[in-house]
Every structure is written in C-alpha cells, then in structure tokens.
Amino acid sequence: MSAVTLFSDLTSTQVHEAVRGKVLVWPIGGLEQHGPHLPLNVDALIPQAFAEALSVDVQGLLLPLLPISVRSLPQSGGGLQFPGTVFVEGGTFIDFIGQTLRSLSGLPYRQLVIINGHYENEGFIFEALDQMRQGGALQGRSVLAFSWWSMVRPEWVQEHLPEFPGWHAEHAGITETSLMLHLHPELVRAERPDHDRPPRAGVYQLPLRDDASNQGVLAMTSTASAEIGVSLFEHVREQIKVGVMDARG
Ligand SMILES: [Zn+2]
C-alpha cells in the first residue's frame, strides 16, 4: 500500500500546487461512549481508516480528523448520561465546518470528500455544506459527504448480518465491534454485551428509559468478528472509491 499524503505535512510553499486538481479527504469523528468493550474514539478511528484508504486509492490529500462531534442521543448513541461522551452544540459544529471550508476555499482543489463516523453528525454536516454552497465557497468543486455506513450495499447486509437492527441501532454493535477487531484489535475488550430490544429509528422518547440500552450497547455484539470486519472494510472501501469517481463527473 502506498503512503497516505497528509495535507498537514506539506509546507506553505508547497500546498497550493500540491492540491491543484486533487481530492481533499476530511474524516469527521466523535468522542462518545461505546459500551464496556470499545474505546471512546470508535467514531473517529473508523472514518480515519476509510479516509486513509481513500487518500491512497485516489491519490488525494488527507486533512486532519475533526475529533469532537455533536451530541449523542439515547436512541442512536446511548445518550449523554454516559461518562466520556464529549460534544459541541449543533450550531457550533456547523460554524466550525463552514469556517474551515471557507478558509480552504482559496486552494485549487477539485473535489472534497467528507467521511463521517458519528451518527448524529450527518444532518449538521449537510447543513454546513449547503450553507457553503449558497455562499459560493464550494463553487467549481464537486463534493461528496456521507457516513461510512451509507456506502454499505443492502446485499452485503443480507449476506453477513441476518438479524440487522438498522444503522441507527448499530452503535457499539456488530459492525463497529467487527471493524475495530479488524483495525485496532488491541483496543477491543473481551466483553460482548447484547441488547435484545433495539430502538426504533427516528424516535426521541422522554423520559429516558433505563433499559434503552445494555451498558450503552443498543443491539448485538456477541457475533462480532474480525472476519466480518475485514469483509465490511473492503466492501465499504470499494464502494467509496466508486462513489468518489462517479461524483467527479
Ligand atoms: Zn459509533
């Protein structure tokens, strides 16, 4: 595998020509509880890995990961009552992304790809991009922004995850645990909690229920494996590459 080119390793005298006509890849993560078996930065490590792979696949430049996300919600991330979940409010997050993109807009890059790893970020990233589009900061460029799971084809899910609970409930579940077993096995603890009542998608419910999760896990982890992880990683890597080529026009 050839090396990843880091935007941050370039010098100021190099950067303008180095990005000309290139793809800028920006991973956006989060710092959030992921049950008793996974570290707090799962939502950062996974998009970082996909972003590194894409940077190699399309000879793009990798921007530094944005490590702090918007809030965690009980029916998709477990919620804020768990220690270690760190967040900023949605308006701050939108402003941060927008101002970052505005400050990059003087560089002659051709395509921006944002790879998100934290479920609740998605709408805010799209809002920030649309504000930038309206303001003209993305003019002349193509943009592709997505959460990594949006690149998973239904056929892959049917083949590998027969009891799939839906992506909203895949928090600290079989896919994230399997990807972590593939990418960073040294960070995965031995416990594998299951939760047999995954939440419905698109529902916010008060009062919060104590049994909404099992130790912050919303669905199933006991069948996670590095084999599923490597299959999922390679599948998503390929889908991202194809999607990015298509979006270039
Ligand atoms: Zn996660």
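Scanning the stretch 12-39 for residues that are β-branched (Val, Ile, Thr), over 20 Å from Arg248 (Cβ atoms) and not in a helix (DSSP H, G or I) yields one hit, Ile28. I need the full set of residues from the stretch 14-41 which are β-branched (Val, Ile, Thr) and over 19 Å from the mean Cα position of the chain (by Cα), in order please. Across the stretch 14-41, the qualifying residues are Val15, Val19. Taking Gln75 as the residue in question, decide whether it is over 20 Å from Met151 (Cβ atoms) and within 16 Å of the ligand (Cβ to nearest atom). It is true that Gln75 is over 20 Å from Met151 (Cβ atoms) and within 16 Å of the ligand (Cβ to nearest atom).
Pairing residues of the stretch 104-117 that are under 12 Å from Gln139 (Cβ atoms) with residues that are of a type in the set (A, V, I, L, M, F, W, C) and within 16 Å of the ligand (Cβ to nearest atom), at Cβ distances under 8 Å and at least 6 apart in sequence or on separate chains, gives no pairs at all. Just the residues that are closer than 18 Å to Glu120 by Cα and assigned to a loop (DSSP other than H, G, I, E, B), please, taken from the stretch 40-72. Listed by number, the residues that qualify are Leu40, Asn41, Leu65, Pro67, Ile68, Val70, Arg71, Ser72. Being touching a strand residue (DSSP E or B) at 6+ places or on another chain (Cβ under 9 Å), crowded, with 22+ Cβ neighbours inside 10 Å and under 26 Å from Gln134 (Cβ atoms) is a condition met by at least one residue of the stretch 87-94.
If the condition is being within 13 Å of the ligand (Cβ to nearest atom) and buried (at least 24 other Cβ atoms within 10 Å of the Cβ), then the stretch 45-64 contributes Ile46, Pro47.
When the residues of the stretch 173-213 are filtered to those that are among the aliphatic types (A, V, I, L, M) and at pLDDT 95 or above, the one that is farthest from the ligand (Cβ to nearest atom) is Ala190. Screening the candidates Ser178, Ser213 for the property of being of a type in the set (Ser, Thr, Tyr) and closer than 14 Å to Pro36 by Cβ yields one hit, Ser213. Considering (1) surrounded by fewer than 18 Cβ atoms within 10 Å (Cβ to Cβ); (2) out of contact with any Lys or Arg (no Cβ under 8 Å at 6 or more places or on another chain); (3) at pLDDT below 95, the lone condition that Phe126 does not fulfil carries the number (3).
Only one entry in Thr5, Thr85, Thr13 is over 30 Å from Leu208 (Cα atoms), among the polar types (S, T, N, Q) and touching a residue at least 24 places away in the same chain (Cβ under 8 Å), namely Thr5.
Take the residues in the stretch 106-123 that are assigned to a loop (DSSP other than H, G, I, E, B), closer than 20 Å to Gly21 by Cβ and in contact with a Gly (Cβ under 9 Å, 6 or more places away or on another chain), then tell me which one is farthest from the ligand (Cβ to nearest atom). It comes out as Pro108. Please state which one of Ala145, Ala137 is more than 15 Å from the ligand (Cβ to nearest atom) and within 25 Å of Leu179 (Cβ to Cβ). Answer to the selection: Ala145.
Taking the stretch 3-44 as the range and being in contact with a helix residue (DSSP H, G or I) (Cβ under 8 Å, 6 or more places away or on another chain), away from the ligand (no atom under 12 Å from the Cβ) and not aromatic (Phe, Trp, Tyr) as the test, the residues that pass are Ala3, Val4, Thr5, Leu10, Val15, Val19, Val23, Leu24, Val25, Pro27, Ile28, His37.
Quick one: which residue in Arg200, Arg189 is of a type in the set (Lys, Arg) and touching a strand residue (DSSP E or B) at 6+ places or on another chain (Cβ under 8 Å)?
Unique residue meeting the criteria: Arg189.
Filtering Trp156, Trp167 for residues that are within 16 Å of the ligand (Cβ to nearest atom), touching a residue at least 24 places away in the same chain (Cβ under 8 Å) and of a type in the set (Phe, Trp, Tyr) leaves a single hit, Trp167.
The values are calculated or read from the model by the stated rules, or taken from the named source; none is laboratory data. These numbers were taken from a predicted model, which means no experiment stands behind them. So basically every Cβ, Gly included, is an ideal-geometry build from the backbone, and we count neighbours across all protein chains shown.
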